[in-house]
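Accompanying notes for the structure given below.
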Amino acid sequence: MKYLMVLSASALCGLSISSTAAADEWKHASNNSNVQIEYRDIAGDVLQIRARTELVANNGSCMAAFVHLFNDTERVSDWIEIATDATLVEQLNPYTRIVHTEFDSHWPISDRDMVTRSIWQYDAESEALRIEITNASEEKPPSKNVIRMTDVAANWHIQATENGTVQIAYQGNSNPKGNIPRTSARTSAITAIEQTFAAIETYITDNEYQRDYHSVPCLEPHLPN
């Protein structure tokens, strides 16, 4: 059963598993040459995942497009695995959003939801975008017959490079609650993050996202000489 928990202005993935060690060593997980994925077990029965990829010039080189994509709650089900709906709870300022996301887990596993707070920062000098996601369950009461995921934490780092590419790095974990077998949880989480990274590469080029977002510019790529 797949559980992909992705912020509307960001995304994250993590599954609850058993762990006897405080934190295991990172292990290689992906056979996809375009996305490098590693995982480890950490204290609190949580599977932590980190992933990275690199997009070529003119294919996701607009830095602001990432913010527009992550903020587009109406399209969240198009590119986030098993997400059925996302609703903006509150826009605190141009840089901070609270979002409620729902996930269809399929019988016999109960549906899940989560409430997250996403904060983004852009460094114009280094041309780097950082997005931090944390749990914000206190902002919206849980619904009946839906399990609320808590202990959510994730970070995205999106970096323009000198050779005209954009590097994307993600690290995240959460606690979906309930009992999920270790092997299927790990396999599903890795598959979900691979599919999400592939979807980002597809949707990030949409024309509607190719524009500035407040202080985040739609940069021209640094094409190599």
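The values are calculated or read from the model by the stated rules, or taken from the named source; none is laboratory data. Just so it is clear, the model here is predicted, and its values are computed rather than measured. In this analysis, Cβ positions are derived from the backbone assuming ideal geometry, glycine residues included, and neighbour counts consider all displayed protein chains. When the accessible area is computed, the model is the full protein with side chains, heavy atoms only, and any ligands, DNA or RNA have been set aside. Shrake-Rupley method; radii C 1.70, N 1.55, O 1.52, S 1.80 Å.
In the stretch 66-80, the residues that are more than 20 Å from Ala160 (Cβ to Cβ) and among the hydroxyl-bearing types (Ser, Thr, Tyr) form Cβ pairs under 6 Å with partners that are open to solvent by 30 Å² or more (accessible area, probe 1.4 Å) and modelled with pLDDT of 90 or more, at six or more places apart or across chains, as follows: Thr73/Leu88. Looking only at the stretch 128-143, decide whether some residue is within 25 Å of Phe66 (Cα to Cα), assigned to a loop (DSSP other than H, G, I, E, B), touching a residue at least 12 places away in the same chain (Cβ under 8 Å) and open to solvent by 10 Å² or more (accessible area, probe 1.4 Å). So far as the stretch 128-143 goes, no, none of its residues is within 25 Å of Phe66 (Cα to Cα), assigned to a loop (DSSP other than H, G, I, E, B), touching a residue at least 12 places away in the same chain (Cβ under 8 Å) and open to solvent by 10 Å² or more (accessible area, probe 1.4 Å).
Give the residues of the stretch 94-120 that are in contact with a Ser or Thr (Cβ under 9 Å, 6 or more places away or on another chain) and open to solvent by 40 Å² or more (accessible area, probe 1.4 Å), sorted by residue number.
Within the stretch 94-120, Pro94, Tyr95, Glu102, Asp104, Asp111, Arg117, Ile119 qualify.
If a residue has to be modelled with pLDDT under 90 and over 18 Å from Ala189 (Cβ atoms) to count, how many in the stretch 87-109 make the cut? Count: 4. When the residues of the stretch 144-155 are filtered to those that are within 21 Å of the chain's Cα centre (by Cα) and open to solvent by 70 Å² or more (accessible area, probe 1.4 Å), the one that is nearest to Ser110 (Cα to Cα) is Asp151.
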